[in-house]
Amino acid sequence: MAAVAQNVVSNFVQLPARNKAGAIFGAAALIALVVGALLWGRTPDYRILYTNLSDRDGGAVLAALTQMNVPYKFQEGGGAVLVPSDVVHDTRLRLASQGLPKGSIVGFELLESQKLGATQFQEQINYQRGLEGELARSIQTVASVQSARVHLAIPKSSVFLRDQQKPTASVLVSLHPGRPLDRAQVAGIVHLVASSVPELNPKNVSVLDQSGNLLSTQSDGIGLDPQQLSYQRTLEERFNKRIIDILEPIVGPGNVRARVTADIDFSVQESTAEIYKPNPAPDQAAIRSQSINENTNGGAAQAHGVPGAPSNQPGAAAGQTTPGAVSGKKESVVNYEVDKTIRHQKNPTGAIRRLSAAVVVNHRRTVGADGKAKITALSREQMEQINALTREAMGFTKDRGDSLNVANAAFSTDELPPPPAVPVWRNPEYLALAKDGGKVLGALLLVLYALFGIIRPLVRQVSTVPQPPADGAGNATAGDAPLAIDQNGQPVADGAAAKPQLDAPRQVTQTDPKIVANVIRTWVAKE
C-alpha cells in the first residue's frame, strides 16, 4: 500500500502544471459534492411553529427559542416561525408553559387589572373590549377561521322607551386558504354573537371575510337568499328523480329525460281575526251574571178631621194603617256572554304554488328477424300509461294549476367531440414532475462528469508511468528514459526501472510462445 502511494506521489510530481491544477480542481469538486450531499441529507425538515405573530409575541418567542437552544427560521413573507419537525410539538408545549404566545387578543383578563378610581365609562369600555376578545377567541376555534375580530356597537341605555336603540355587531374573519365557510357555519357565528350580547338581534350581525365579501345575507323580501334557492333546487331534483325512477323500468335506462320547475311560496303570512256572531236565542244564550233587587214598603194612615187640638191627640184613629196602601220596587239585571272567536293563523313557508313538468321519452328500439335494429314510436296506450304514471309521481294537482307535457321523440345518437387534450408541456403535474426530475438528473450528471470526466482521467495519469520513446531497433533511448526515484529520493538504475516493464512480456513468452512468434514474424515481414 505504501509503494502504491509512493508511486502515485512520484507520478503526480512528474505531471505538467496544467494537469496538476486539473487534478487539484477535480479533487476539490469531489470533496465539495460529498460534503454537500452529507449536509443535504442531515438538514432537518422545518415545520411551522406559529404564524401571524405580532411583533411583541414574535420577539418573545424567538428569545425563548434561543434560550432553549432550538434552531429556528423566520419566514418574513408569511410571518411564520419554523423549527425542526421533530421538535414542533415539544416546543409548543414548552412555550405554552411560559405563557407564549400571549396573543394580541385581550379577553376578560383585562378586567383583572382594573385601576383604582376608574370611571364608569372606563369600566364599560373595558367590559366591551373583553367581550369582543372572548367572542373573537371563540370564533377562531372554527376549523376554517384563521383569525377573527369582533366589533360591538352597544348604545347607551335610556329610560325612555322611544329613545332606546338596539346593539349591532360586525365580525371580520380571516379564512385559511382553500377552506371557505358554509352557510351553516356562518349562521352559527351569527347566533353565537347574538346570544352573547343582550338584546342583539341576529339580523343586526354582519360577517365579512378578509376579501370584504359579506357572508351573512339576510332576506329583504326582494329576492331569494341562497338557502331558499338551495331548497328549491333540491325539491326540483327530487321530483326529477321520482319521475325517472318510475319510468326507466318501462322504457329502459337512459331513455327518459325529465325536468320539473317548482314555484314555491317563501312569503311569511300571519293573520289574527276576531269574529262576533249574531245574538242567539234566550234559551241558547249563556248567562254570565244575574242580579235581582226587590223592595216593598207598607203605607201608614194619614191624619184627617178638623184641624185643632183633638185631631192632634194620639188615638187609635191617628195610628191606623189604611188597608190596600202597599208600595214596592223590583229590579232585575241579566248579563249574557258575547259570542266571540279569536283566530291566529300563520301560513307555512315554502309551500308549493305550482309545478311544471316536461318529460321526453325515447323511441323504442327493437331488433327484427333480419338482425337489424328498428326504432319505432310508442303507441298511444303506452303514452297514456306513461302520462298517468308521471302525474302520480309528481303529485299532479289540477286545482293548483300544475302542468305536464310528455313527448315521445327519438334521441340524437351523435356523439359530442371529445375535449381537446391538454399538451404534456402545459400540464401542471407533469411540469412539477419534470422540474423535480431535472434537478435530480442535473445533480447526477454533475457527479458523473466529475467522476468520469475529471477524477478518473487524472487518476490514470497519476498512476501510469510515461514510457520513453523507442529508437529504430525497438530499444528505449537513455536520454529520454524517465528516472525512477526510491523512498529516499535517490535515482534508481535504468535496469531496475525497466525491470517491471519486462516482467509482463517474459510471462507471455513463457505461457504462450506462439503469440511471440507471430509478433516476430510480423516484424520481419514489414522490413
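Starting from a Cα-only point model with no solvent, please compute log10 I(q)/I(0) by Debye for the stretch 112-184 at q = 0.18 1/Å.
Rounded to two decimals, the profile gives -0.84.
So what's the net charge close to Val361: Lys and Arg +1, Asp and Glu -1, counting the other residues with Cβ under 15 Å from its Cβ?
+2
So, counting K/R as plus one and D/E as minus one, what does the shell of residues with Cβ under 11 Å around Asn408 add up to?
In short, +2.
State the extension gain, in nm to one decimal, for the chain segment bounded by Ser174 and Ser97, taking 0.36 nm per residue of separation less the distance between their alpha-carbons.
Once the chain is fully extended between Ser174 and Ser97, it gains 25.0 nm.
Would you mind working out the magnitude of the charge dipole of the stretch 111-196 relative to its Cα centre, with +1 at each Lys and Arg C-beta and -1 at each Asp and Glu C-beta, to the nearest 20 Debye?
Dipole magnitude for the stretch 111-196 comes out near 160 debye.
Rounded to whole Å and sorted largest first, what semi-axes of the equivalent ellipsoid does the C-alpha gyration tensor of the stretch 132-255 yield via the square root of 5 times each eigenvalue?
Output for the stretch 132-255: semi-axes of 41, 20, 11 Å.
Determine the alpha carbon to alpha carbon distance for each of Lys156/Lys203; Lys156/Lys346; Lys203/Lys346 and list only those over 24 Å.
Long pairs (Cα-Cα over 24 Å): Lys156/Lys346.
Ile31 accessible area, nearest 10 Å², 1.4 Å probe?
110
Provide the solvent-accessible area of Lys372, counting protein heavy atoms only and rolling a 1.4 Å probe, rounded to the nearest 10 Å².
Its heavy atoms expose roughly 130 Å² to the probe.
Starting at 0 and stepping by 10 Å, how many percent of the alpha carbon pairs of the stretch 355-400 end up in each bin?
All Cα pairs, binned at 10 Å, distribute as 22, 39, 24, 11, 4, 0 percent.
Which value, in Å² rounded to 10, gives the accessible area of His191 with a 1.4 Å probe and all protein chains present?
100
Mind jotting down the three principal axis lengths of the stretch 44-176 based on Cα atoms? Whole angstrom, largest first.
Principal axes ranked by extent give 68, 36, 22 Å for the Cα atoms.
Sort Glu384, Glu429, Glu123 by accessible area with a 1.4 Å probe, largest first.
Ranking Glu384, Glu429, Glu123 by accessible area, largest first, yields Glu429, Glu384, Glu123.
Using the structure shown, select from Lys340/Lys398; Lys372/Lys398; Lys73/Lys439 the pairs with a Cα to Cα distance greater than 32 angstrom.
The answer is Lys340/Lys398; Lys372/Lys398.
The values are calculated or read from the model by the stated rules, or taken from the named source; none is laboratory data. Worth saying up front: this structure is predicted, and the values here are computed from it rather than measured. Neighbour counts are summed over all protein chains in view; Cβ atoms, including those assigned to glycine, are modelled from backbone coordinates with ideal geometry. Quick note on the areas: whole protein, heavy atoms, side chains included, nothing else; ligands and nucleic acids left out. Shrake-Rupley method; radii C 1.70, N 1.55, O 1.52, S 1.80 Å.
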